[in-house]
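Peer 1: Below is one structure. I have some questions about it.
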Amino acid sequence: MTEFYEQPLPIRTYDIDFAGIVSNIVFIRWLEDLRLGLMEQAYPLIQALAEDVAPILLATRISYRKPVTIADPLLFPSNREFCRFPPRATAVGR
């Protein structure tokens, strides 16, 4: 596994609300997509389940800093800290 993992996450029309910004719950889905993508590199889910290991998520905390719109391209970088407690992921608009 590389030291750094990043994944572009497209904003879909169904991700935005009536005000034209991404709904807060979408960020939770994106975090899960990132977690599964990172796990696929470090410890694939199929392998973990075959070894009777079940990954769990204990908590999620998000600090919303600014609205994201459908026009904002996003790239979510993370490093190995994402697999530890507390996890770290930062959304970076380009």
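Throughout, read-outs are computed from the coordinates displayed, never taken from laboratory work. Please read all numbers here as calculations on a predicted model, not as lab measurements. For neighbour counting, all protein chains shown are included, and Cβ atoms are generated from backbone atoms with ideal geometry for every residue, glycine included.
Peer 1: How much length would be gained if the chain were fully extended between D17 and K66, taking 0.36 nm per residue of separation minus their Cα-Cα distance, in nm to one decimal?
Peer 2: Between D17 and K66, full extension yields 16.2 nm more.
Peer 1: As an exercise, identify the chymotrypsin sites (Phe, Trp or Tyr not before Pro) in segment 22-65 lying in DSSP coil whose Cβ has no more than 11 other Cβ atoms within 10 Å.
Peer 2: Y64
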